[in-house]
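Note sheet for the following structure.
The values are calculated or read from the model by the stated rules, or taken from the named source; none is laboratory data. Computed from a predicted model, the values in this text were never measured in an experiment. FYI the Cβ positions are ideal-geometry reconstructions off the backbone, even for glycines, and counts take in every protein chain you see. Ligands, DNA and RNA are excluded from the accessible area calculation, which covers all protein heavy atoms including side chains. Shrake-Rupley method; radii C 1.70, N 1.55, O 1.52, S 1.80 Å.
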Amino acid sequence: MEPGAEKPNTPSSGDVIVHNPHLETMKEDILYHFNLGTSTHNLPAMFGSVKFVCVGGSPWRMKSFIEYIAAELGLDDPKSEYPNICAGTDRYAMYKIGPVLSVSHGMGIPSISIMLHELIKLLHHAKCKDVTVIRIGTSGGIGLEPGTVVVTKQSVDANFLPKFEQVILGKTVVRSTDLDEELAGELLRCSRELNQFETVIANTMCTLDFYEGQARLDGAFCSYTEKDKQDYLARAYEAGVRNIEMESSAFSAMCKMSGLRAAVVCVTLLDRQKGDQLSGTVHSFQKRPQILVGHFIKSQLKAPGKS
Ligand code: R2B
Ligand code: URA
């Protein structure tokens with residue numbers, strides 16, 4: 001079989017699909033970076049109720065999200081500590097309240113890819129159905145007022161193409177980065193209902209680096225001019241790109257392959273056409289994706305037929 005040759009998924013079943021015949025032959029599956037496993041944990045009992053998974057870079061932010069969503073859904077207990085389900089490893093942090101799971105993924109494609117392999121297997125082993133996964137994160141904006149939230153239409157690479165390249169057995173396999181258009185539209189509608197901050201649907205560029213990969217002039221190395229940087233950002237803008245981050249392509253491709261309904265919601269911390277450096281004073285914006293996704297989850301749970 002060619003590396004990367006995948007059977008089409010069947011999202012209509014609502015199942016979380018894994019494309020790996022080897023898994024069926026394994027007596028036990030250890031989800032090493034979560035410190036969880038099929039023999040050591042009752043995954044259906046622990047996670048079977050999950051309907052929404054929110055993922056984001058920092059463990060601290062994903063803990064603050066679970067506290068926020070617990071209060072929003074009226075499920076909070078002032079004494080509750082929201083224990084880290086991945087205690088015993090410091091690779092990722094995971095929290096759960098009711099139907100919501102919150103998981104950190106670290107920075108960059110390699111880190112989110114490892115987390116997603118194990119998350120997709122976890123949801124599959126737990127027999128979860130009809131799961132929506134949303135990445136809530138930060139990004140650099142292009143031509144937007146800082147603080148604007150971008151719901152990703154398409155995740156594109158550094159040449160503005162909607163694809164994710166994975167090297168398997170030394171061969172490059174190209175995967176689609178399509179996201180769920182209806183879900184993106186629903187998130188935009190929720191933002192308009194909230195009316196607290198500007199939100200747009202646009203393309204997101206996913207890069208392999210924060211400095212040279214995002215045309216910054218302030219890294220340890222830089223071989224281009226301010227004009228080169230501005231020309232590149234202008235070309236990105238023309239291609240419909242309004243923000244830049246570092247995980248959306250792998251996230252979109254892996255969610256699509258497993259039949260998961262997925263969206264990317266990132267706040268812009270600065271306008272990259274005006275500068276490169278970030279200060280610690282932008283932290284209040286980081287709450288915006290949480291507020292928007294919190295409102296979305298609440299509205300979904302209120303909709304008829306949802307529990
Ligand atoms: C956004 O912010 C991080 C870099 O500061 C990176 O993980 C991303 O995608
Ligand atoms: N995250 C990024 O990847 N880039 C930025 O400019 C800001 C946050």
Of the trypsin sites (Lys or Arg not before Pro) in segment 67-113, which ones lie in a loop per DSSP and count no more than 11 other C-beta atoms within 10 Å? LYS79
Share of the chain's accessible area from carbon and sulfur, percent, 1.4 Å? 53 percent
Answer with one residue from ASN203, THR225, SER176: the one whose Cα lies farthest towards the positive end of the charge dipole of segment 176-248, charges on Cβ with Lys, Arg +1 and Asp, Glu -1. THR225
Over all directions, the average projected area of the alpha-carbon convex hull for segment 1-124 comes to how many nm²? 9.1 nm²
State, in angstrom, two size descriptors of the chain derived from its alpha carbons: Rg to one decimal place and Dmax to the nearest whole number. 19.2, 58
List, in the order given, every pair from LYS171/LYS227; LYS63/LYS302; LYS63/LYS127; LYS79/LYS129; LYS153/LYS302 whose Cα-Cα distance in the structure shown is over 28 Å. LYS171/LYS227; LYS79/LYS129
In the Gaussian network model of the chain, springs joining C-alpha atoms below 10 Å, which of MET26, MET94, MET46 carries the largest mean-square fluctuation? MET26
What does the net charge come to around GLY108 if you take all other residues with beta carbon closer than 9 Å to its beta carbon, with K and R at +1 and D and E at -1? -2
Under the Karplus curve 6.51 cos²θ - 1.76 cosθ + 1.60, θ = phi - 60°, whole-Hz ³J(HN,Hα) for segment 294-300, x wherever Gly or Pro sits: x, 5, 4, 4, 4, 5, 5
About the Cα centre, and with charges only on the beta carbon of Lys, Arg (+1) and Asp, Glu (-1), how big is the dipole of the chain? Nearest 20 debye, please. 540 debye
Which angle between 0 and 90 degrees, to the nearest 10, do you get for helix 248-257 versus the longest principal axis of the chain when only C-alpha atoms count? 40 degrees
Once label points are set 7 Å from the Cα along Cα→Cβ at both GLU81 and ALA239, what is their separation, rounded to one decimal in nm? 4.8 nm
Calculate for the chain the 222 nm mean residue ellipticity that helices alone would give, adding -39,500 (n - 2.57) per DSSP H run of length 4 or more and normalising by residue count, nearest 500 deg cm²/dmol. -9000 deg cm²/dmol
For segment 86-155, would you read off the P(r) tail past 21 Å as a percentage of all alpha carbon pairs? 38 percent
Using a cut-off of 20 Å between alpha-carbon atoms, which aspartates and glutamates can reach LYS27, once sequence neighbours fewer than 8 places away in the same chain are excluded? GLU118
Return one number: the angle in degrees, 0 to 90 and rounded to the nearest 10, between the long axis of the Cα atoms of helix 109-125 and the longest principal axis of the Cα atoms of the chain. 20 degrees
Below 8 Å, C-alpha to C-alpha, sequence gap of six or more: please give me the relative contact order for the chain in percent. 24 percent
Along principal axes, largest first, the alpha-carbon spread of segment 163-278 in whole Å comes out as 47, 41, 23
Determine ³J(HN,Hα), in whole Hz, for all residues of segment 213-219 in sequence, where each value follows from phi through the Karplus function 6.51 cos²θ - 1.76 cosθ + 1.60 and θ = phi - 60°; x replaces Gly and Pro. x, 10, 6, 7, 9, 10, x
Which ³J(HN,Hα) values, rounded to whole Hz and listed in residue order, are derived for segment 268-277 from phi using the Karplus coefficients 6.51, -1.76 and 1.60 in 6.51 cos²θ - 1.76 cosθ + 1.60 with θ = phi - 60°, glycine and proline given as x? 8, 8, 7, 9, 5, 6, 9, x, 10, 7
Net charge within 15 Å of LEU208 by Cβ-Cβ distance, Lys/Arg positive one each and Asp/Glu negative one each, not counting LEU208 itself? -4
Taking N as the number of residues in segment 65-105, what is its Cα Rg relative to 2.2 N^0.38 Å? 1.16
